[in-house]
Amino acid sequence: MNDAAPNPRESVDKCIVDRIKQHPLLEERIYRQLLIALHTRGIVSIDQINRESREKAGIAHQNVTNNPNAPAEQRMDDSHLRIANDLIRDYACEHLSVAEVNDLVNLVLKREEAQSLADVANLPSVSFRLLVERLRRFTSLPLGEARVDPSEMYGVRAALARHFISDDLEFIGVAKQHLRVRDYDELTKRIIGSDSSMGRIGGKAGGMILAHRIIHESGLNAGADLPITIPESYYLRSDVIDQFLDLNGLSHYHNQKYKDIEEIANEYPLIKGVFRNSAFPVEIVHQLRSLLETIDGDPLIVRSSSLLEDRMSSAFSGKYDSIFVPNQGPLELRLRALLGAIGEVYASTLGPDPILYRRKHNLIDYVEEMAILIQRVCGHRFGKYFMPIFAGVVFSRNEYRWSPRIKREDGFARMVMGLGTRAVDRVGGDYPRMVALGAPTLRPENSPNEIRAHSQRTIDVINLENNTFDSITLPELLKSASSIPMLDKLVSIHREGDLYSPASKFITDPPGSLCITFDKMLKETPLAERIQEMLRRLEAAFGRPVDVEFCCDGEKFYMLQCRGQHQAADIGHVDIPEGIPQDRIVFTAKKFVRTALVSRIEYVVYINSRVFNEIDSNERRLAIARVVGRINTALAGKRFILAGPGRWGTTDIRLGVRVSYADISNARMLIEIARERDGYVPEVSFGTHFFQDLVEDDIAYLPLYPDKPEYRFNEEFFNQSPNVIESVSPRDADFAGEVRVIHVPAFTGGKLLEIAMDGESDRALAYLK
């Protein structure tokens, strides 16, 4: 008996009938989709099907009328509709394949599931379980050739972004263009929280995921030696913090933000201790324990991802804590450390810096919802230490240009060996590599001695034996590690007063002769060009300049976060006045000047570097920072500047005043004074979280080198003018020897201080006007 091959027409007809039997409620939509496909391909038009079905139904032709209020044609009755559907099926059987029909039916199902998903996603209150269930129903449908047009899915994408990530409309506007529904399916598999409630993963996590998707779809990774990706990440939803506060009776801390800032600062250490040791819901503990069982032995970092953070309009750079968890030892010990780190990040919402930042940006009444981003630290083990090869932060716009060859739109990078903390924080006695991405080998330093003096000396690592975060020297690292990938591209060799790039991967020179410069990497690899292209694509997609924190393990380039880059206001050209009498000049500057004009300055808060250098007590130096903070509060609404030794905001109290954002937030300008005999050297802070605060709050910045012969520095103005600290902050009168508050009009016969800064000519002039 011979089996005849199935007739293609019969197979298609059977497929249509079977699929309609499977989905009888979708019969009309299936026929409609078949008709659209036939019409689009030019097989038969919709009008032709209408005419033929009317003729078969015996319906007389209807004359076309020009009356806009008359119906174009009579509405089909059931018998007419059945005839039209039979015609559609006949044409489909003649011209479409079984696979094409299945694709078109699946497209109908996708639209139906998309609508069902949209209905649930647009509910104001929906459980995580229900939304994920509808999401999985949609993504379980086969992809096929026929796809739902992205424009039809924008509403669903926007609703998913609002439920799972952020309610920031600017973010949603970008996310709906790039994040697909299937991306959210993958995301939900890494979300930690109760199935019966709902929360978001926050701004930092959302910006990272969105940037990753943008780069993935751009094709930038095709054939790349260092593909751009993101670390293995998990997301503790924003609703968990409310459960945490309720469980421990801590909900009253929601009102902490309304207290006096000094009271907030005093109570913050106690709050950190309470939060670190408080309990978590049992369900959350179980989920975190399961997470640690899958990440056994690799260090983690617990990062804030507030719903206010990394928004297009408010970055909160460095305002919340990030805690490294070495993740070594027995499971319960690792779990306790992880829970403590999460509690500490929660507590950081109640610190003085984020609260004051919220006040300044009119966000104080917004209910803080803190999500947590838990990431596997990228890198390798080197003996007892763990770290990435290098890390840092990159910007699509360069606000720090030390040469006419450097263009603002070419971008900028701060790079360090090891963990990236030294690239974004102000640390004492250390420098990152500053890179103008359009001219990566062009350095701000000139001589080998200057390069060595302004190079990185200390590397941040995770000590796996001690379960601690450590800072070590390069010789210490090389003593622990037999080899370090890419080392020849990160260091230069100091020999006979000059610096040389290693001739090969095998370096035999003494560790003490190695200097971290990144010279060979920037000269011989396309890294800078690749970063620049990444930033251009992200800026185009985000619709604004961006900055990206990153790390690299030698195999992949990991984006840790991506957010809108805040830029200084463009005030155009600033003229430096000529012919100012010498007795009215307060200071001049000719290095690292950024364009700005700071006018009508009434107060100058000045800390003499020689006096500061003679302070033996660390407690006294720390107390000076608190004095500056109280003066900052007392002079709120006044126009004042801060001038002091070395580095404002440094972690090393020997090298400057350890202020925080809350201590300087009302100043109009920050001046860092480098006296050669005192050893204070300002680190140009562009790219740090500290600098981002200055940019966002329109606080001008200037390093000053008064001992250089080409500079003028009016010692009499700074050191002989009356000190009015007692009238400004009476409780700090006994600090008059270290902190001078100068009321400019009182000392100058009614004049005010004017500071003109021209970045193009690299000149600044402060004078009495």
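Tally up the carbon and sulfur contribution to the accessible surface of the chain as a whole percent, 1.4 Å probe, everything protein left in place. Walk me through the numbers before you get to the answer.
On the way: 16020 of 33190 Å².
It is 48 percent, rounded to a whole number.
Along the charge dipole of the chain, which of 115, 701, 280 sits closest to the positive end, that is, farthest toward it, with unit charges on the beta carbon of Lys, Arg, Asp and Glu (+1, +1, -1, -1)?
Of the listed residues, the answer is 701.
Could you report the accessible area of residue 659 in Å², rounded to 10, computed with a 1.4 Å probe on the protein chains as they sit in the structure?
Surface open to solvent at residue 659 totals about 10 Å².
Residue 402: accessible area at probe 1.4 Å, nearest 10 Å²?
Roll a 1.4 Å probe over it and residue 402 shows about 50 Å².
Can you give the relative contact order of segment 429-484 as a percent, counting alpha carbon pairs under 8 Å and 6+ residues apart? Display every interim value, and only then the final one.
Details: 46 pairs, mean separation 14.5, N = 56.
Once divided by the residue count of segment 429-484, the mean separation gives 26 percent.
Can you give me the relative contact order of the chain as a percent, contacts being Cα pairs under 8 Å and 6 or more apart? Numbers along the way, then the final one.
Numbers: 1414 pairs, mean separation 79.1, N = 769.
For the chain, the relative contact order is 10 percent.
Given Cβ point charges of +1 (Lys, Arg) and -1 (Asp, Glu) and nothing else, what value in debye, to the nearest 20, does the dipole of segment 152-272 about its Cα centre take? Display every interim value, and only then the final one.
Numbers: 14 positive and 18 negative charges, 63 e Å.
Value, rounded to 20: 300 debye.
Give the relative contact order (percent, whole number) for segment 203-301; include only Cα pairs under 8 Å separated by 6+ residues.
Details: 24 pairs, mean separation 22.0, N = 99.
Contact order relative to length: 22 percent.
How fast does segment 523-569 diffuse by Stokes-Einstein, in µm²/s, taking the Kirkwood radius from C-alpha pairs at 37 °C and 0.692 mPa s? Let's see the in-between values first.
Numbers: Rh = 11.8 Å.
Once the numbers are plugged in, D ends up at 279 µm²/s.
Taking 21 Å as the cut-off for C-alpha to C-alpha distance, list the pairs among 489/523; 591/769; 360/638; 319/591; 407/591; 638/751 that go past it. Before the final figure, lay out the partial values.
Values: 489/523 9 Å; 591/769 23 Å; 360/638 15 Å; 319/591 30 Å; 407/591 17 Å; 638/751 15 Å.
In this structure, 591/769; 319/591 exceed 21 Å between Cα atoms.
Given the peptides 498-506, 189-197, arrange them by the average over their residues of other C-beta atoms within 10 Å, most packed first. Could you put the intermediate results ahead of the total?
Values: 498-506: 12.8, 189-197: 15.7.
Output ranking for 498-506, 189-197: 189-197, 498-506.
On each of the three principal axes of the Cα atoms of segment 341-414, give max minus min coordinate, whole Å, ordered largest first.
46, 43, 17
Explain nothing, just the number: dipole magnitude of segment 536-635 about its Cα centre with +1 on each Lys and Arg Cβ and -1 on each Asp and Glu Cβ, in debye rounded to the nearest 20.
Working: 15 positive and 13 negative charges, 24 e Å.
Once rounded to the nearest 20, the dipole reads 120 debye.
Would you mind giving the average projected area, over all directions, of the Cα convex hull of segment 249-373 in nm² with one decimal?
On the way: hull surface 32.3 nm².
Averaged projected hull area, Cα only: 8.1 nm².
For residue 108, what is the net charge nearby, where nearby means another residue's Cβ is under 12 Å from its Cβ and Lys, Arg count +1, Asp, Glu -1?
Working: positive: 19, 29, 32, 110, 111; negative: 27, 28, 103, 112, 113.
Summing Lys/Arg as +1 and Asp/Glu as -1 gives 0.
Given all pairs of different Cα atoms, what value in angstroms does the Kirkwood hydrodynamic radius of the chain take? Let's see the in-between values first.
Details: mean 1/r = 0.0333 Å⁻¹.
It is 30.0 Å.
Starting from the alpha-carbon convex hull of segment 112-265, give the projected area averaged over all orientations, in nm². Don't jump to the answer; show the numbers that get you there.
On the way: hull surface 50.3 nm².
With the hull built on Cα positions only, its mean projection is 12.6 nm².
Could you size up the charge dipole of the chain around its Cα centre, putting +1 on the beta carbon of Lys and Arg and -1 on that of Asp and Glu, and report it in debye to the nearest 20?
Values: 96 positive and 108 negative charges, 116 e Å.
That gives the chain a dipole magnitude of about 560 debye.
Less than 15 Å apart at the alpha-carbon level, and either on another chain or at least 8 residues along: which aspartates and glutamates does that give for residue 204?
167, 168, 170, 232, 309, 310, 321, 368, 369, 547, 549
State the Cα centre-to-centre distance between segment 430-464 and segment 704-726 in whole Å.
If you average the Cα positions of each part, the centres end up 31 Å apart.
Please state the Cα pair-distance histogram of segment 372-496 with 10 angstrom bins from zero: what percent is in each bin?
Distribution as computed: 12, 39, 33, 14, 2, 0 percent.
Whole angstrom only: what separates the Cα centroid of segment 555-599 from the Cα centroid of segment 492-509?
36 Å
Quick one: work out Rg over Rh on the C-alpha atoms of segment 319-378, Rh as Kirkwood radius.
Numbers: Rg = 14.3 Å, Rh = 13.1 Å.
Ratio of gyration radius to Kirkwood radius for segment 319-378: 1.09.
Quick one: Cα convex hull volume of segment 391-435, Å³ per residue?
Values: hull volume 3.3 nm³, N = 45.
Value for segment 391-435: 74 Å³ per residue.
Report the one residue of 648, 714, 57 whose Cα lies farthest in the direction of the positive end of the charge dipole of the chain (charges on C-beta: Lys and Arg +1, Asp and Glu -1; origin at the Cα centre).
In the chain, that residue is 714.
Do the sum for the chain: with -39,500 (n - 2.57) for every DSSP H run of n ≥ 4, divided by all residues, what is the mean residue ellipticity at 222 nm, to the nearest 500 deg cm²/dmol? Kindly include the intermediate steps, with their values, before the conclusion.
Working: 28 runs with 301 residues, N = 769.
Here the helix-only value at 222 nm equals -12000 deg cm²/dmol.
Let me see the P(r) profile for segment 149-234: every Cα-Cα distance counted, bins of 5 Å, each bin given as a percent of all pairs.
So the P(r) values, bin by bin, are 3, 13, 24, 24, 18, 11, 5, 1, 0.
Could you tell me what fraction of 2.2 N^0.38 Å the Cα radius of gyration of segment 626-769 comes to, as a two-decimal ratio? Could you put the intermediate results ahead of the total?
Working: Rg = 14.9 Å, N = 144, 2.2 N^0.38 = 14.5 Å.
So segment 626-769 has a normalised radius of gyration of 1.03.
Going toward the positive end of the dipole of the chain, with +1 on Lys and Arg Cβ and -1 on Asp and Glu Cβ, which of 467, 20, 373 do you reach last?
The residue sitting most towards the positive pole is 467.
Beyond 17 Å, what share of the Cα-Cα pairs of segment 615-678 is found? Please give it as a whole percent. Can you show the working numbers first?
Details: 759 of 2016 pairs.
Result for the distance tail: 38 percent.
The values are calculated or read from the model by the stated rules, or taken from the named source; none is laboratory data. These numbers were taken from a predicted model, which means no experiment stands behind them. So basically every Cβ, Gly included, is an ideal-geometry build from the backbone, and we count neighbours across all protein chains shown. Surface areas here come from the heavy atoms of the whole protein model, side chains and all, with no ligands, DNA or RNA. Shrake-Rupley method; radii C 1.70, N 1.55, O 1.52, S 1.80 Å.
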